């Protein structure tokens, strides 16, 4: 596979942005099997967005010869109060995540955050050194990566460690390509700003479009505000545990505005999930519409 084909795989939908494309090309010129990373909180049942769409994108990297790593951020999960902040529950659910991603992404290595921190004793000293380059104001602005507002008043000190930990994870794993959804863009830009100051390797950043939720968004004109599928909202998406009947009901109730092909969750599912793996989809329509079935 030549470099152009590898870059095409990385840029394939749902990829929204590569920072930068020139750096990615140069990386493939000098490294036939660069290291990839995507970090995930452990926070509830997996769905089309968190497992399937993300997993398909990881597989694109693997096809391009990239060594892929799925980093299960158990400590980040506790810090962000997910799963009630209960360590025993987080540990149990992390096993479920490991099994799921091993199934969908068989070529990816699964790394647990707590195990990395146990084995890499210099992690915490590197974390302190990294935070010396961050102001409190900058830290507060990055809290959106964990679904928090920078204006949130009641926030514990542990959460202020979250952005820096995510950055140092990337360094600790010796990452060449940092991959995440668009909602994590701020931390990758912080990494690209601070790592050169510390003489750490600066990764290429690849961001994919989040699969939108099935409900009507607050602002239908702006794709940036489309609600994503949420593990905490069972009606927002299609979960891997849903039955066929449940999936059909959700699809029938999904928001699908006539003539809107830009911000349409059903079309996004078709584009990102179905057409990622298949060349065609048969759409059956009642004869009363006097329109032949289309593929």
| request: Enter the angle in degrees (range 0 to 90, nearest 10) between the Cα long axis of helix 54-63 and the first principal axis of the Cα atoms of the chain, meaning the one along which they spread out most. | output: 70 degrees
| query | Can you give the calculated 222 nm mean residue ellipticity of the chain, where each DSSP H run of n ≥ 4 adds -39,500 (n - 2.57) and the sum is split over every residue, rounded to the nearest 500 deg cm²/dmol? | reply | -11500 deg cm²/dmol
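Once fully extended, how much extra length lies between residue 174 and residue 20, figured as 0.36 nm per residue of separation less the alpha-carbon to alpha-carbon distance?
In short, 53.6 nm is gained.
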| said: Nearest 10 degrees is fine. How inclined is helix 21-30 to the longest principal axis of the chain, computing both from alpha carbons? | reply: 70 degrees
| task | Report which label in (1) 19.2, 58; (2) 18.3, 56; (3) 20.0, 69 holds the value of Rg and Dmax of the Cα atoms in Å derived from the coordinates of this structure. | result | (3)
| Theoretical gain in end-to-end length, residue 240 to residue 151 [0.36 nm per residue, Cα-Cα removed] | 28.6 nm
| task | Compute the relative contact order of the chain as a whole-number percentage, counting only Cα pairs closer than 8 Å that sit 6 or more residues apart in sequence. | result | 20 percent
| By its C-alpha gyration tensor, with a ≥ b ≥ c as the square roots of the eigenvalues, how is the stretch 15-143 shaped: rounded for a/c under 1.5, else prolate for a/b larger than b/c, else oblate? | oblate
| Sorted by average packing, counted as other Cβ atoms within 10 angstrom per residue and highest first, what order do 275-284, 172-181 take? | 172-181, 275-284
| note | Measuring from the longest principal axis of the C-alpha atoms of the chain, the long axis of helix 185-194 (C-alpha) lies at a number of degrees, nearest 10, equal to 30 degrees
| field | Protection-proxy order for peptides 53-62, 1-10, each taking the mean of Cβ atoms within 10 Å per residue, highest first | value | 53-62, 1-10
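The numbers here are math on the coordinates, done by the rules we state, and not lab data. Remember, it's a predicted structure, so these values are computed and weren't measured experimentally. Note: ideal-geometry Cβ built from the backbone for every residue, glycine included; neighbour counts use all protein chains shown.
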